[in-house]
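The values are calculated or read from the model by the stated rules, or taken from the named source; none is laboratory data. Please read all numbers here as calculations on a predicted model, not as lab measurements. Here Cβ is always computed from backbone atoms with ideal geometry, including for glycine, and neighbour counts include all displayed protein chains. These accessible areas exclude ligands, DNA and RNA; they are computed on the full protein's heavy atoms, side chains included. Shrake-Rupley method; radii C 1.70, N 1.55, O 1.52, S 1.80 Å.
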Amino acid sequence: MKYQQPHRALNTSKIRSAAYDENRQTLEIAFQDGMLRSYRSLPADVARRFFTAQNPATFWEDRIAEEYPMTQVRMEKRSEEHTSELQSRVSIS
């Protein structure tokens, strides 16, 4: 599966990876269960704190999940191709 932005692997118990698009102020999060969620109107400083949090999943639960509109929800297929693509990408603005 191709993401809109290159994802950074987080590999917490809940979150597999995430990407932030500063121009669109959108945070895209891929969860371990295959769910892909996109949050809009999310300021860059909140995204930076999410990526640098000791536990990004806790930060997401406490500061993002209920605070910002979720614009997309879908299940993604897990595959070896996706896993190796994800491992080769690292990016955050």
Item to check | Members of the range 1-21 that are at pLDDT below 95, within 13 Å of the chain's Cα centre (by Cα) and open to solvent by 80 Å² or more (accessible area, probe 1.4 Å) | outcome: GLN4, ASN11
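Tell me which residues, restricted to the range 51-68, are in contact with a strand residue (DSSP E or B) (Cβ under 7 Å, 6 or more places away or on another chain) and not hydroxyl-bearing (Ser, Thr, Tyr).
Restricting attention to the range 51-68, the residues satisfying the condition of being in contact with a strand residue (DSSP E or B) (Cβ under 7 Å, 6 or more places away or on another chain) are 51, 56-57, 60, 64, 68.
Across the range 51-68, the qualifying residues are PHE51, PRO56, ALA57, TRP60, ILE64.
Can you pull out every residue in the range 41-60 that is outside any helix (DSSP H, G or I) and surrounded by 15 or more Cβ atoms within 10 Å (Cβ to Cβ)?
Kept after step one, since they are outside any helix (DSSP H, G or I), are these residues of the range 41-60: 41-43, 53-55.
The answer is LEU42, ALA53.
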